[in-house]
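K.L.:
Got a structure for you, questions after.
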């Protein structure tokens, strides 16, 4: 982490657990996005949720207090799935177990719906009927290939409520058919490759080495960034606790309390290490945090209850 520079950088941002939780903005989120907009810093929201469309997400963040966004600021696992099919087999057809964004993304990519002899069975978020799951089972047994928008086993819908995610639906069909699914979205490097292509498309002055992934989940956000060769900032406002880091062979570039720390780093020009949890520069730190509180043994208390990991 020593010498980490963000003077010339672009940012991929996870959403739930990083920008908001339970439809409440996390402190610093609005200020960070406003700073990106004012300083022309490239940013792209990256979400594994395949249900919303880009337009849905523009409206959602506007309601939460972040304005001035457009659909191109968002890249979902549904769009990633459409990009994957267009790349590997442009003539593909698909039987879809999912709703909203995945249906829209495949339609916009001119990938036809096929409930008779599809090339792929695609699973995304939604509440499918038993009849639809049975049909997906039959088509997989008949030889359709199995693609899932993301590996997340659950999705949050409230402070103390979740719903099954695409990964859970995929596990059902894997168990019933014996067919192994291929998972797109984070942490699949294809998600990061497509995201980097988008965020760097009109910025010849920036390169992949200039891109940071800001996320709250080690299994998806951070793992995918590390495997694709991006720098990764872990925030502790979502699913990962500081003490969980010892369980992973890969590590983020830095651990920061929240996106407010990133905003303050960019605003003040102070080194990112000054805001990072676990830094060992005596006497340095954000706010009134003592050097003892910043030591790796003593992660600061969080105001957010960590969630379980979305994947196993």
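K.L.:
It is to be established whether one or more residues within the stretch 62-81 are touching a residue at least 60 places away in the same chain (Cβ under 8 Å), surrounded by fewer than 13 Cβ atoms within 10 Å (Cβ to Cβ), on the phi < 0 side of the Ramachandran plot and in a helix (DSSP H, G or I).
P.N.:
Yes, there is a match, as at least one residue in the stretch 62-81 is touching a residue at least 60 places away in the same chain (Cβ under 8 Å), surrounded by fewer than 13 Cβ atoms within 10 Å (Cβ to Cβ), on the phi < 0 side of the Ramachandran plot and in a helix (DSSP H, G or I).
K.L.:
Report every pair of residues separated by at least 6 positions or lying on different chains whose Cβ atoms are under 9 Å apart, first residue within the stretch 104-115 and without any contact (Cβ under 8 Å) to a residue 24 or more places away in the chain, second surrounded by fewer than 13 Cβ atoms within 10 Å (Cβ to Cβ) and in a loop (DSSP other than H, G, I, E, B).
P.N.:
Short answer, once both residue conditions are applied: 110/90.
K.L.:
Another question about this same structure. Residue by residue through the stretch 138-171, note down the ones that are surrounded by fewer than 22 Cβ atoms within 10 Å (Cβ to Cβ) and in a strand (DSSP E or B).
P.N.:
Matches in the stretch 138-171: 145, 146, 154, 155, 156, 157, 158, 161, 162, 163, 164.
K.L.:
For the stretch 25-55, which residues satisfy the criterion of being assigned to a loop (DSSP other than H, G, I, E, B) and in contact with a strand residue (DSSP E or B) (Cβ under 9 Å, 6 or more places away or on another chain)?
P.N.:
Restricting attention to the stretch 25-55, the residues satisfying the condition of being assigned to a loop (DSSP other than H, G, I, E, B) are 26-28, 40-42, 48-53.
Matches in the stretch 25-55: 26, 41, 42, 48, 49, 50, 51, 52, 53.
K.L.:
Of all residues in the stretch 13-24, which are crowded, with 23+ Cβ neighbours inside 10 Å and either out of contact with any strand residue (DSSP E or B) (no Cβ under 9 Å at 6 or more places or on another chain) or in a strand (DSSP E or B) (or both)?
P.N.:
13
K.L.:
Next up: Considering only residues that are at positive phi and surrounded by fewer than 21 Cβ atoms within 10 Å (Cβ to Cβ), which ones fall in the stretch 172-188?
P.N.:
Of everything in the stretch 172-188, just one residue is at positive phi and surrounded by fewer than 21 Cβ atoms within 10 Å (Cβ to Cβ), namely 178.
K.L.:
Residue under question is residue 128, and the condition is that it be modelled with pLDDT under 95, part of a loop (DSSP other than H, G, I, E, B), over 30 Å from residue 225 (Cα atoms) and in contact with a helix residue (DSSP H, G or I) (Cβ under 8 Å, 6 or more places away or on another chain); does it hold? Quick ask: steps written out before the conclusion?
P.N.:
Details: modelled with pLDDT under 95: yes; part of a loop (DSSP other than H, G, I, E, B): yes; over 30 Å from residue 225 (Cα atoms): yes; in contact with a helix residue (DSSP H, G or I) (Cβ under 8 Å, 6 or more places away or on another chain): yes.
Judged against the criteria, residue 128 is a match.
K.L.:
Identify all residues within the stretch 221-255 that are surrounded by fewer than 18 Cβ atoms within 10 Å (Cβ to Cβ) and assigned to a loop (DSSP other than H, G, I, E, B); write none if there are none.
P.N.:
Within the stretch 221-255, 229, 241, 248, 249, 250, 251 meet the criteria.
K.L.:
Moving on. Please go through the stretch 189-211 and give me each residue that is touching a helix residue (DSSP H, G or I) at 6+ places or on another chain (Cβ under 8 Å), more than 19 Å from residue 84 (Cβ to Cβ) and buried (at least 19 other Cβ atoms within 10 Å of the Cβ), ordered by number.
P.N.:
The answer is 211, and nothing else.
K.L.:
Checking the structure you have, find out if any residue of the stretch 22-30 is without any contact (Cβ under 8 Å) to a residue 12 or more places away in the chain and within 29 Å of residue 274 (Cα to Cα).
P.N.:
no
K.L.:
Does residue 174 fit the bill of being without any contact (Cβ under 8 Å) to a residue 40 or more places away in the chain, out of contact with any helix residue (DSSP H, G or I) (no Cβ under 8 Å at 6 or more places or on another chain) and either outside any strand (DSSP E or B) or farther than 26 Å from residue 71 by Cβ (or both)? Lay out the reasoning, then the answer.
P.N.:
Details: without any contact (Cβ under 8 Å) to a residue 40 or more places away in the chain: yes; out of contact with any helix residue (DSSP H, G or I) (no Cβ under 8 Å at 6 or more places or on another chain): yes; either outside any strand (DSSP E or B) or farther than 26 Å from residue 71 by Cβ (or both): yes.
Here the answer is yes, as residue 174 does meet what is asked.
K.L.:
Quick test of your reading of the structure: residue 238 fulfils all but one of (1) modelled with pLDDT under 95; (2) touching a strand residue (DSSP E or B) at 6+ places or on another chain (Cβ under 6 Å). Name the failing condition by number.
P.N.:
(2)
The values are calculated or read from the model by the stated rules, or taken from the named source; none is laboratory data. The shown structure was predicted, so the numbers you read here are calculated from the model rather than taken from an experiment. Don't worry about glycine lacking a Cβ; one is built from the backbone with ideal geometry, like all the others, and counts go over all protein chains shown.
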